[in-house]
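Trainee: Here it is, the structure in full.
The values are calculated or read from the model by the stated rules, or taken from the named source; none is laboratory data. These figures come from a predicted structure and were not determined experimentally. Cβ coordinates were reconstructed from backbone atoms using ideal geometry, including for glycine residues, and neighbour counts include every protein chain displayed. Areas reflect the complete protein model, heavy atoms only, side chains present, ligands, DNA and RNA absent. Shrake-Rupley method; radii C 1.70, N 1.55, O 1.52, S 1.80 Å.
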Amino acid sequence: MTTGLEVSELTVRLSHEDGQVVLVDGITLGIEAGRCLGIVGESGCGKSLTLRSVMGLVPLGVERDLSALRVAGREVLGDGTPPPGVAMVFQDSATSLNPSMRVGSYLVRVLRRAAGHDARSAREAALLLLSEVGISHPEVHMNAFPHQLSGGLRQRTAIALALATAPAVLLCDEPTTALDVSTQARILRLLRERMDARELAMVFVSHDMGVIRQVADRVAVMYAGRIVETGSTEDVIDRPRHHYTRMLLESMPANAAPGGAFRSIPGLPPAPAAYVEGCRFASRCPHHDAGCDLPLVGLDGLSLEHRSDCVHEDDTPSREWTHARG
Amino acid sequence: MSGRAQLALRRLAQVLPVLLLLLLTVFALRAILPGDPARSIAGPRATEAQVEEVRDRLGFDEPLPVAFASFLEDVTQGQLGVSNRTHQPVAELIVQRAPVTLSIAIGAVATTFLIGIPLGWYLALRRGRADADAASAVLIAVVNVPAFWLGLMLSILVGLRWGVLPVGGLEPGVTGWIRSMILPCLTVGLVAAPWVARSVATSIGGILASDFVTTARSLRFSGWSLFLHHLLRNALPPTVTLLALQAGSLLFGAVVVEQVFALPGLGSALLEAAASRDFAVVQGLTLVLGAAIILVNAAGDVAVAVLDPRTRWD
Ligand SMILES: Nc1ncnc2c1ncn2[C@@H]1O[C@H](COP(=O)(O)OP(=O)(O)OP(=O)(O)O)[C@@H](O)[C@H]1O
Ligand SMILES: [Mg+2]
């Protein structure tokens with residue numbers, strides 16, 4: 001299987017007057033062509049920054065540092081501009097579309113630039129793309145400005161724009177949050193189709209475990225700027241090894257007993273300035289003990305296929321492992 | 001396009017109440033001006049009978065609504081009264097004096113924006129680098145320079161010391177006109193340029209950091225195409241608004257700076273009239289200058305409405 005995307009040792013820092021804060025802490029992740037990596041984790045753990053860093057489009061004042069970035073096996077760690085073959089659907093579709101450009105002319109421009117269409121075939125391709133993402137009157141939609149669209153229509157427009165560049169790797173930051181269930185299913189089917197037919201590799205951030213189970217082949221669980229557990233979707237969701245993953249899954253509404261109370265994880269994730277060397281979940285973890293506070297060193301001796309940072313495992317040989325590739 | 005025309009009309013209709021308010025204020029000047037306005041209009045040497053005649057002619061004895069109605073009627077017919085000092089019709093005086101003020105205002109707008117816009121873009125595009133940060137600091141220091149001080153400095157340096165440009169009065173001929181306008185235009189324009197640069201830098205900085213520019217970059221827009229379709233289009237409405245607002249205050253600046261350079265414009269006419277209690281002239285000039293500022297701002301709003309799709313109603 002050919003690799004789609006490989007990201008090695010990504011660190012994201014925020015610089016300010018009295019020093020630096022590490023927001024994303026040396027994570028490594030990858031996904032094969034035609035496969036999807038799901039990323040889950042509580043708000044603020046660094047999912048969006050991770051994707052934006054891969055795109056080379058971090059916010060002002062934020063710096064990224066990587067040791068390798070490969071698309072389809074080719075090193076693309078260049079000058080920090082978007083790497084060739086990678087497209088992204090940004091988290092907030094309300095603000096991510098150009099307010100003074102009609103949807104149609106935006107899409108046509110992207111198609112002409114990225115895929116070398118002429119004016120006429122670009123228009124046809126645009127109409128096709130819009131109907132593929134489930135927009136029922138593409139001709140009318142082409143003439144709309146973003147502010148005239150509903151949240152769901154904007155999200156689908158953003159997905160169409162990203163797909164218009166014919167990417168080899170698609171980074172999706174919660175792309176279906178504003179969609180009804182059937183439109184969401186349609187989009188997921190379309191993405192799956194692109195993965196199968198065009199070997200599209202995908203990274204998909206979502207808070208919805210149902211969606212992750214449907215779309216992702218592998219899952220990375222992020223907590224406080226690190227990937228704390230990674231493995232195949234079945235392994236991570238059905239046999240979680242990290243206490244954080246376990247509690248995160250239990251807190252999902254879909255997993256609650258009917259009529260039962262929601263079980264939320266007590267406390268809040270730490271602020272990036274308070275990130276420690278040892279397990280960052282320890283302060284909220286009911287199984288917390290002295291071993292949790294030791295810095296992570298070495299490799300997860302158990303399994304690279306299904307890796308976890310948690311020390312509380314009967315079959316864990318020692319505390320001697322660290323973030324390996326996801 | 002009918003949507004835009006309709007919007008433009010609606011915006012212009014919104015100007016009417018403001019103009020009405022201006023008319024009311026100018027009409028009310030007669031009430032707040034010290035002394036008997038009829039007497040000051042008639043002049044100090046007028047007989048009691050002549051004052052009575054003025055009072056009669058201007059309807060000062062009539063009930064206020066009736067007096068206001070006849071005032072409105074006069075204004076709409078371009079009758080702004082007659083100077084009691086020179087007996088020149090006020091409308092004629094305004095036509096005579098306006099070219100100087102307009103030249104300064106237009107030249108000042110050009111100076112302000114030719115300096116302010118490129119400087120603002122430069123500051124925004126190079127934000128965080130040493131040169132732009134230093135330039136920003138200098139700008140913050142110079143925004144508080146008053147116009148008359150700058151005017152004096154320019155006259156002393158360029159006019160008196162180097163003797164290249166006139167420091168007061170109008171030189172004859174077209175070249176003389178232009179030469180006489182340079183220092184006043186620079187004075188008003190240079191004072192406003194740092195403000196414009198800073199506002200432009202702020203709005204461009206916001207656009208550069210916006211999500212939609214990040215998205216455009218992710219879709220491989222860069223250089224010229226990013227600038228044209230994603231930055232410039234969205235930068236136009238705030239810049240036009242700024243232009244309209246500045247045009248109003250630059251017109252005011254022109255009125256003030258005429259004094260410094262002893263130029264025969266509307267501003268100096270206003271000051272002369274105020275000093276000599278030339279009531280009709282004060283009234284007429286206030287009305288015309290106020291209306292000009294209101295209309296320039298409204299024109300800016302209409303332009304923004306046409307440029308920014310979010311304010312359109314189609
Ligand atoms: N522009 C920025 N400037 C400073 N800090 C930032 C910036 N963007 C993000 N951060 C910080 O980086 C951390 C990670 O943010 P990120 O947006 O990646 O979270 P996330 O996992 O995507 O959360 P969510 O699920 O809410 O989208 C947060 O602590 C956030 O406060
Ligand atoms: Mg996010």
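Trainee: Does the stretch A:141-154 contain any residue that is away from every other protein chain (no Cβ under 13 Å), closer than 20 Å to A:Ser206 by Cβ and surrounded by 16 or more Cβ atoms within 10 Å (Cβ to Cβ)?
Mentor: yes
Trainee: Within the stretch B:68-107, can you find the residues that are of a type in the set (D, E, K, R), farther than 14 Å from B:Gly265 by Cα and open to solvent by 80 Å² or more (accessible area, probe 1.4 Å)? Walk me through it before giving the result.
Mentor: Step one: of the stretch B:68-107, the residues of a type in the set (D, E, K, R) are B:73-74, B:85, B:92, B:97.
With farther than 14 Å from B:Gly265 by Cα added as a condition, the list becomes B:73-74, B:85.
Within the stretch B:68-107, B:Glu73, B:Arg85 qualify.
Trainee: Looking at A:Thr157, is it within 15 Å of B:Phe212 (Cβ to Cβ), under 24 Å from the mean Cα position of the chain (by Cα) and surrounded by fewer than 17 Cβ atoms within 10 Å (Cβ to Cβ)? Give the derivation first.
Mentor: Details: within 15 Å of B:Phe212 (Cβ to Cβ): yes; under 24 Å from the mean Cα position of the chain (by Cα): yes; surrounded by fewer than 17 Cβ atoms within 10 Å (Cβ to Cβ): no.
No; evaluated as a whole, the condition is false for this residue.
Trainee: (1) open to solvent by 60 Å² or more (accessible area, probe 1.4 Å); (2) in a helix (DSSP H, G or I): which one isn't true of B:Leu170, the others all being true?
Mentor: Every listed condition holds for B:Leu170 apart from (2).
Trainee: Only residues that are open to solvent by less than 10 Å² (accessible area, probe 1.4 Å) and within 16 Å of ligand 2 (Cβ to nearest atom): list them for the stretch A:207-217, please.
Mentor: Within the stretch A:207-217, A:Val211, A:Ile212 qualify.
Trainee: Still on this structure, I have one more. Name every residue in the stretch B:176-189 that is open to solvent by 60 Å² or more (accessible area, probe 1.4 Å) and either closer than 18 Å to B:Val142 by Cβ or not aromatic (Phe, Trp, Tyr) (or both), in order of residue number. Please lay out each step first, then the result.
Mentor: Residues of the stretch B:176-189 open to solvent by 60 Å² or more (accessible area, probe 1.4 Å): B:177-179, B:182.
B:Ile178, B:Arg179, B:Ile182, listed by residue number.
Trainee: Let me ask you something else. Quick check: anything in the stretch A:201-213 assigned to a loop (DSSP other than H, G, I, E, B) and away from ligand 1 (no atom under 15 Å from the Cβ)?
Mentor: Of all residues in the stretch A:201-213, those assigned to a loop (DSSP other than H, G, I, E, B) come to A:206-208.
Of the ones still in play, those that are also away from ligand 1 (no atom under 15 Å from the Cβ) are none.
No, the stretch A:201-213 has no match at all.
Trainee: Would you point out which residue out of B:Val100, B:Val95, B:Val66, B:Val82 is touching a strand residue (DSSP E or B) at 6+ places or on another chain (Cβ under 8 Å), on the phi < 0 side of the Ramachandran plot and of a type in the set (A, V, I, L, M, F, W, C)?
Mentor: None of the others qualify; the one that does is B:Val82.
Trainee: Suppose we filter the stretch B:37-80 for residues that are of a type in the set (Phe, Trp, Tyr) and modelled with pLDDT of 75 or more; how many remain? So that I can check it myself, show each step before the final result.
Mentor: In the first step, residues of the stretch B:37-80 are kept if they are of a type in the set (Phe, Trp, Tyr); the result is B:60, B:68, B:71.
Imposing the further condition that a residue be modelled with pLDDT of 75 or more reduces the set to B:68, B:71.
Number of matching residues: 2.
Trainee: Among the residues of the stretch A:131-149, write down those that are small (Gly, Ala, Ser) and touching a residue at least 24 places away in the same chain (Cβ under 8 Å). Before you say what the answer is, go through the steps one by one.
Mentor: Here is the first cut: in the stretch A:131-149, the ones small (Gly, Ala, Ser) are A:131, A:134, A:136, A:144.
Once the filter is applied, which keeps residues that are small (Gly, Ala, Ser) and touching a residue at least 24 places away in the same chain (Cβ under 8 Å), the stretch A:131-149 yields A:Gly134, A:Ala144.
Trainee: Just to be sure, is A:Ala185 assigned to a helix (DSSP H, G or I) and either open to solvent by 50 Å² or more (accessible area, probe 1.4 Å) or within 12 Å of another protein chain (Cβ to nearest Cβ) (or both)? Show your work before the answer.
Mentor: Numbers: assigned to a helix (DSSP H, G or I): yes; either open to solvent by 50 Å² or more (accessible area, probe 1.4 Å) or within 12 Å of another protein chain (Cβ to nearest Cβ) (or both): no.
It is false that A:Ala185 is assigned to a helix (DSSP H, G or I) and either open to solvent by 50 Å² or more (accessible area, probe 1.4 Å) or within 12 Å of another protein chain (Cβ to nearest Cβ) (or both).
Trainee: Tell me whether the stretch B:232-240 contains one or more residues that are crowded, with 21+ Cβ neighbours inside 10 Å and at the interface with another protein chain (Cβ under 9 Å from one of its Cβ atoms).
Mentor: yes
Trainee: Hey, which of the strands (runs of 3 or more DSSP E) in the stretch A:1-120, taking only ones fully inside, have at least 1 residues that are more than 22 Å from the chain's Cα centre (by Cα) and within 14 Å of ligand 1 (Cβ to nearest atom)? Outline the logic, then answer.
Mentor: Working: elements: A:3-16, A:19-32, A:36-40, A:62-65, A:68-71, A:86-89.
Qualifying strands (runs of 3 or more DSSP E): A:3-16, A:19-32.
Trainee: Please go through (1) within 16 Å of ligand 2 (Cβ to nearest atom); (2) within 14 Å of chain B (Cβ to nearest Cβ); (3) part of a helix (DSSP H, G or I) for A:Ala160 and return the number of the only condition it doesn't satisfy.
Mentor: The failed condition is (1).
Trainee: Got a sec? Which of B:Ala147, B:Ala137 is modelled with pLDDT under 85 and crowded, with 18+ Cβ neighbours inside 10 Å?
Mentor: The unique qualifying residue is B:Ala147.
Trainee: Could you grab me the full set of residues in the stretch B:198-231 that are more than 7 Å from chain A (Cβ to nearest Cβ) and in contact with a His (Cβ under 7 Å, 6 or more places away or on another chain)?
Mentor: B:Val213, B:Phe221
Trainee: Kindly indicate whether A:Arg239 is of a type in the set (Lys, Arg) and modelled with pLDDT under 90.
Mentor: So A:Arg239 fails the test.
Trainee: Let me confirm something: among A:Arg120, A:Arg112, which residue is open to solvent by 30 Å² or more (accessible area, probe 1.4 Å) and within 13 Å of another protein chain (Cβ to nearest Cβ)? Show your work before the answer.
Mentor: Working: A:Arg120 fails: within 13 Å of another protein chain (Cβ to nearest Cβ).
Answer to the check: A:Arg112.
Trainee: Within the stretch B:63-112, which residues are hydroxyl-bearing (Ser, Thr, Tyr) and not in a helix (DSSP H, G or I)? Please lay out each step first, then the result.
Mentor: Going through the stretch B:63-112, the residues hydroxyl-bearing (Ser, Thr, Tyr) turn out to be B:70, B:76, B:83, B:86, B:101, B:103, B:111-112.
Across the stretch B:63-112, the qualifying residues are B:Ser83, B:Thr86.
Trainee: Could you give every pair whose Cβ atoms fall below 9 Å, whose first residue belongs to the stretch A:227-243 and is free of Cβ contacts under 8 Å to residues at least 40 places away in the same chain and farther than 29 Å from A:Glu277 by Cβ, and whose second residue is outside any loop (DSSP other than H, G, I, E, B) and open to solvent by 20 Å² or more (accessible area, probe 1.4 Å), counting only separations of at least 6 or pairs across chains?
Mentor: Partner pairs satisfying both residue conditions: A:Glu234/A:Arg213.
Trainee: Exactly one condition in (1) within 19 Å of the chain's Cα centre (by Cα); (2) more than 30 Å from A:Gly41 (Cβ to Cβ); (3) not basic (Lys, Arg) is not met by A:Leu127; state its number.
Mentor: (1)
Trainee: Quick one: would you say A:Cys45 is of a type in the set (A, V, I, L, M, F, W, C), under 15 Å from A:Val205 (Cβ atoms) and within 15 Å of ligand 2 (Cβ to nearest atom)?
Mentor: Details: of a type in the set (A, V, I, L, M, F, W, C): yes; under 15 Å from A:Val205 (Cβ atoms): yes; within 15 Å of ligand 2 (Cβ to nearest atom): yes.
Yes: the conditions hold for A:Cys45.
Trainee: Then there is this: Under the condition of being open to solvent by less than 10 Å² (accessible area, probe 1.4 Å) and either within 14 Å of the chain's Cα centre (by Cα) or within 16 Å of ligand 2 (Cβ to nearest atom) (or both), which residue from the stretch A:163-175 is nearest to the other protein chains (Cβ to nearest Cβ)?
Mentor: First, pick out the residues of the stretch A:163-175 that are open to solvent by less than 10 Å² (accessible area, probe 1.4 Å): A:163-164, A:169-173, A:175.
So of that shortlist, the ones also either within 14 Å of the chain's Cα centre (by Cα) or within 16 Å of ligand 2 (Cβ to nearest atom) (or both) come out as A:169-173, A:175.
Numbers: A:Val169: 12, A:Leu170: 11, A:Leu171: 9, A:Cys172: 12, A:Asp173: 11, A:Pro175: 13 Å.
Top of the filtered list is A:Leu171.
Trainee: Name the pairs: first residue in the stretch B:215-227 and exposed (fewer than 15 other Cβ atoms within 10 Å of the Cβ), second residue not aliphatic (A, V, I, L, M), Cβ to Cβ under 8 Å, at least 6 apart or on different chains?
Mentor: Close Cβ pairs satisfying both conditions: B:Ser222/A:Thr81; B:Ser225/A:Arg109; B:Ser225/A:Arg113.
Trainee: Specify which of the listed residues (A:Leu49, A:Leu66, A:Leu60, A:Leu77) is in contact (Cβ under 8 Å) with a residue 40 or more places away in the chain and either more than 9 Å from every other protein chain (Cβ to nearest Cβ) or open to solvent by 20 Å² or more (accessible area, probe 1.4 Å) (or both). Even if it seems obvious, please write down each step before you answer.
Mentor: Working: A:Leu49 fails: in contact (Cβ under 8 Å) with a residue 40 or more places away in the chain; A:Leu60 fails: in contact (Cβ under 8 Å) with a residue 40 or more places away in the chain; A:Leu77 fails: in contact (Cβ under 8 Å) with a residue 40 or more places away in the chain.
Checking each option against the conditions leaves just A:Leu66.
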